[in-house]
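The values are calculated or read from the model by the stated rules, or taken from the named source; none is laboratory data. Values in this document were obtained by computation on a predicted structure and should not be read as measured data. We place every Cβ from the backbone using ideal geometry, glycine too, and count neighbours over all the protein chains shown. Note: accessible area is taken over every heavy atom of the protein model, side chains too, but ligands, DNA and RNA are not part of it. Shrake-Rupley method; radii C 1.70, N 1.55, O 1.52, S 1.80 Å.
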Amino acid sequence: MNKTIIIQASSKSTGNTNKVINYLNSNESFDFVDLKTKNIGVFEYDFSNAGDDFIPLMKEIINKYDTLVFATPVYWYTMSATLKTFFDRLSDLLKYKKDLGRQLRGKNMAMISNSGANDLRNGFEMPFIESAKYLGMNYLGSTHAWFTEDGNDIHPDAKVKINEFRNILATKNFKDVLTR
């Protein structure tokens with residue numbers, strides 16, 4: 001199985017993050033889920049949100065995909081609140097649903113971010129790298145997209161980076177990519 005899912009985590013389903021995803025997935029090689037369409041509550045120590053969409057979504061993702069690509073806008077120098085909530089809920093898989101969480105080991109994670117300009121700050125990627133490491137996942141890397149000055153299109157230089165990122169995701173032998 002070499003199936004990839006793009007997990008969109010934006011406050012706007014049809015905004016710039018979606019434009020970036022559509023460009024990345026122009027060949028329709030990857031499946032897609034929009035977290036905004038899901039009912040995922042915040043992490044609760046008593047797991048009182050266990051009946052929301054998180055666990056069923058994670059079961060589907062874990063059973064069907066070996067690569068998870070998180071797509072997020074940059075909000076206040078970090079990932080979106082939607083994605084932060086999703087990441088916080090991974091704690092459910094460490095305590096409440098350990099058997100499910102263990103199945104993330106050996107899977108792949110990558111990230112694509114976007115903002116109005118090519119201004120991604122150092123450290124943005126750290127939560128993704130460290131979360132993958134903690135969960136026993138392979139971190140494949142990331143790319144950042146930005147938009148033209150008028151804001152209507154992805155910047156041509158960003159498109160080059162997205163194309164390179166797509167090629168990394170399409171590579172069957174991830175170990176070769178990771179050692180470059």
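Once amide H atoms are placed 1.01 Å from N in the peptide plane, what residues at a sequence separation of 5 or more from Gly41, or on another chain, have their amide H within under 5 Å of its amide H?
Asp53, Phe54
In whole Å, largest first, what are the principal axis extents of the Cα atoms in segment 82-159?
The Cα atoms of segment 82-159 stretch 48, 22, 20 Å along their principal axes.
Give me the percent of the accessible area of segment 2-169 that comes from carbon and sulfur atoms, probe 1.4 Å, all protein chains in place.
Exposed carbon and sulfur together represent 46 percent of the surface.
What GluC sites (Glu not before Pro) does segment 75-174 have in DSSP loop regions with at most 11 other beta carbons within 10 Å?
Sparse-neighbourhood loop GluC sites (Glu not before Pro): Glu149.
Below 8 Å, C-alpha to C-alpha, sequence gap of six or more: please give me the relative contact order for the chain in percent.
RCO, the chain: 21 percent.
Spelling out what I want: for every residue of segment 84-94, take phi, set θ = phi - 60°, compute 6.51 cos²θ - 1.76 cosθ + 1.60 (Karplus), and round to whole Hz; glycine and proline get x.
Computed from phi, the couplings for segment 84-94 are 4, 4, 4, 4, 4, 6, 4, 4, 4, 7, 9 Hz.
Ordered by packing density, taken as the mean number of other Cβ atoms within 10 Å over each peptide's residues, highest first, how do 59-71, 35-47 rank?
Those peptides, ordered most packed to least, come out 59-71, 35-47.
Show me the three semi-axes of the equivalent ellipsoid for segment 11-68, from the C-alpha gyration tensor (sqrt of 5 times each eigenvalue), largest first, rounded to whole Å.
26, 16, 7
Give me the accessible area of His155, 1.4 Å probe, in Å² rounded to the nearest 10.
50 Å²
Taking the alpha-carbon centroid of each part, what is the distance from segment 1-58 to segment 89-121 in angstrom?
11 Å
Starting from the Kirkwood radius over alpha-carbon pairs of segment 72-118, derive D by Stokes-Einstein at 25 °C in a medium of 0.890 mPa s and give it in µm² s⁻¹.
Here the translational diffusion coefficient equals 198 µm²/s.
Taking the C-alpha atoms of segment 40-116, how large are the radius of gyration and the largest Cα-Cα span, Dmax, in Å?
When restricted to the Cα atoms of segment 40-116, Rg and Dmax are 13.1, 40 Å.
For segment 2-169, what does the accessible surface come to per residue with a 1.4 Å probe? Please give it in Å².
Per residue, segment 2-169 has an accessible area of 50 Å².
Filter Lys12/Lys38; Lys64/Lys95; Lys107/Lys133; Lys19/Lys59; Lys84/Lys159 down to the pairs with a C-alpha to C-alpha distance above 19 Å, please.
Flagged as over cut-off: Lys64/Lys95; Lys19/Lys59; Lys84/Lys159.
Apply the Debye scattering formula to segment 2-169, with a single equal point scatterer on each alpha-carbon and no solvent, then give log10 I(q)/I(0) at q = 0.08, 0.20, 0.21 Å⁻¹.
For the requested q values the scattering log ratios are -0.22, -1.42, -1.56.
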